[in-house]
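> Questions regarding the structure given below will be posed in turn.
Since every read-out is calculated from the coordinates, none of them should be taken as a lab result. This structure is a prediction, so every number in the text was calculated from the model and none was measured. Heads up, the Cβs are rebuilt from the backbone with ideal geometry, glycines too, and the neighbour counts pull from every protein chain shown.
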Amino acid sequence: MTAGDAFTGTAAPTLRVVLGPCDDMRAEVYVRVPPPGASGPLRLEGGLTGPECRRSITLPATATLTDLGPSEAGLLAKAVLTEPAFWTPDLPNLYRLTARVVGVGRTLTEATGLVGLRRSGVRGRSLWLEGRRWVPRGVACSAVACDVQAFRDGAAAAVVTEPPEPFLTAADEAGVAVIAVADQRRVGTEDLVGRITTWAMHPSVVVTILPESLAERSVEIAAAEARRLKGTMILVRGAAGVVQPPTGIPPGVDGLCVMLDADARPHDAWRGSAPPVPLLAWQRTGEGRVTDRSACDRLQAALAAWGLADGRTERPLDWAGYIVS
């Protein structure tokens, strides 16, 4: 999935930008605009130019949008980037996208903004980002109080409930991975899917956590409806760590976030009975406001000791990431 800041322009349309088949040499990028409500033949024009990055200088390249025609879902166009520059926290590469809806002899709407190409996913019990295993050390914070540069310098992921657009734009540009948390008080399925789709339009949002309180059927519906819209964003669901793990997870959910109170350890059954998906551990430390990832390192050490506490000699449970608040 690609992502970007708020698009601006003349009657700027709502854009959905999706990363199609890609490798190190070639990437297909699809741009969709909802039905504009105008009569007559319409087409989608524009292009991608870049990459732009704060920490590197690269000769810019331009890929032109090729109109693929209208459908009930709107107008669709494709651009092909050669030797694409993907977004990572180390190199937060972004492309400038310009898209125009053109009618007979005139431009009806036009928008421009920054987008990033993010390659992330799941392999076994691990999270992967840009071809490498990625083990996030996340620190919970509010978007208002979060110092993006400090998170960048400390190599920590920002864990933010309902992250707003300005914050995500800053994270995109700075190279800060974000774990978005859906507010448990806003659990309407349609609204939730819309928010997931909006967060997925930012390359910094690698993971979204659905609240444990959300009913399983609602999780299934939200995951199914968001599947084609979230691109490569990883979707996990909260689960209480002090009870036995669930026997399975809803289709479309990529992993679990195991919630622990201060100094608590997971139920013993998590050692051998957890679903074979990535498990993030989230502990509320009780230390007040956590400002760096050192508490994540302590949590990692504590869980490693817990994994061997029953006398096992084999490798303990391999956690996919650690979050503290």
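> I'd like the trypsin sites (Lys or Arg not before Pro) in region 13-80 restricted to DSSP loop residues with at most 15 other Cβ atoms within 10 Å, sorted by number.
Those satisfying the criteria are ARG54, ARG55.
> At what distance in nm do the modelled label points of THR14 and ASP67 sit from each other, each positioned 7 Å from its Cα along Cα→Cβ?
2.3 nm
> In percent, how large is the relative contact order of the chain, given Cα pairs closer than 8 Å and 6 or more residues apart?
Reported relative contact order: 16 percent.
> Rounded to the nearest 0.05, what FRET efficiency do THR247 and THR107 give with R0 = 51 Å and r taken as the Cβ-Cβ distance? Could you check?
With R0 = 51 Å, the Cβ-Cβ based efficiency is 0.40.
> Let me ask something else. Compute the separation of the alpha-carbon centres of region 197-271 and region 116-189 and state it in Å as a whole number.
Rounded to whole Å, the Cα centres lie 15 Å apart.
> Follow-up question, since we're still on this one. Could you derive backbone 3J(HN,Hα) for region 123-134 from the dihedral phi with the Karplus parameters 6.51, -1.76 and 1.60 (θ = phi - 60°), listing whole Hz in sequence and x where the residue is Gly or Pro?
10, x, 9, 10, 8, 10, 9, 6, x, 10, 4, 10
> Still on this model: Taking the Cα-to-Cβ direction at ARG298 and at ALA155 and moving 7 Å from each Cα, how far apart do the two end points lie in nm?
Inter-label distance under the simple model: 2.0 nm.
> If you average the sequence gap of Cα pairs under 8 Å that are 6 or more apart and divide by the length of region 234-303, what percent do you get for the contact order?
Relative contact order of region 234-303: 31 percent.
> Next question. Would you be so kind as to identify all helices of the chain, as entire DSSP H runs, whose Cα atoms reach 24 Å or more along the helix's own axis and whose mean Kyte-Doolittle hydropathy is at least 1.0?
Within the chain not a single helix satisfies the rule.
> Then there's this: To the nearest 0.05, how large is the calculated FRET efficiency for CYS22 and ASP263 if R₀ is 56 Å and r is the Cβ-Cβ distance?
It comes out at approximately 0.80.
> May I pose another question? Can you list residues from other chains, or at least 5 along the same chain, whose modelled amide H is less than 5 Å from the amide H of GLY20?
The list, which skips near neighbours in sequence, is GLU28, VAL29, TYR30.
> Let me check I've understood the local charge: for PRO60, count other residues with C-beta under 13 angstrom from its C-beta, Lys and Arg +1, Asp and Glu -1. What total comes out?
Combined, the nearby Lys, Arg, Asp and Glu give -1.
> Given the rule -39500 (n - 2.57) for each run of at least 4 DSSP H residues, summed and divided by the residues of the chain, what is its mean residue ellipticity at 222 nm, to the nearest 500 deg cm²/dmol?
Computed mean residue ellipticity for the chain: -5000 deg cm²/dmol.
> Here's another thing I want to ask about it. For the chain, give me the percentage of DSSP beta bridges that are antiparallel, rounded to the nearest 5 percent.
So the antiparallel bridges amount to about 60 percent of the total.
> Would you mind ranking TYR30, TYR322 so that the residue whose beta carbon has the fewest other beta carbons within 10 Å leads the list?
TYR30, TYR322
> Taking just the alpha carbons, could you work out the radius of gyration and Dmax for region 120-324, both in angstroms?
When restricted to the Cα atoms of region 120-324, Rg and Dmax are 16.1, 49 Å.
> Short version: what are the Cα gyration tensor semi-axes of region 144-202, square root of 5 times each eigenvalue, largest first, in whole Å?
Its equivalent ellipsoid spans semi-axes of 23, 11, 8 Å.
> Right, next: Give me the one-decimal nm value for the distance between modelled label points at ALA215 and GLU162, 7 Å along each residue's Cα-to-Cβ direction.
2.2 nm
> By how many nm would the segment from ALA170 to ARG133 lengthen if fully extended, with 0.36 nm per residue of separation less the alpha-carbon distance?
10.9 nm
> I need the Kirkwood Rh of region 2-117: take the reciprocal of the average 1/r across all distinct C-alpha pairs and report it in angstrom.
14.4 Å is the Kirkwood radius here.
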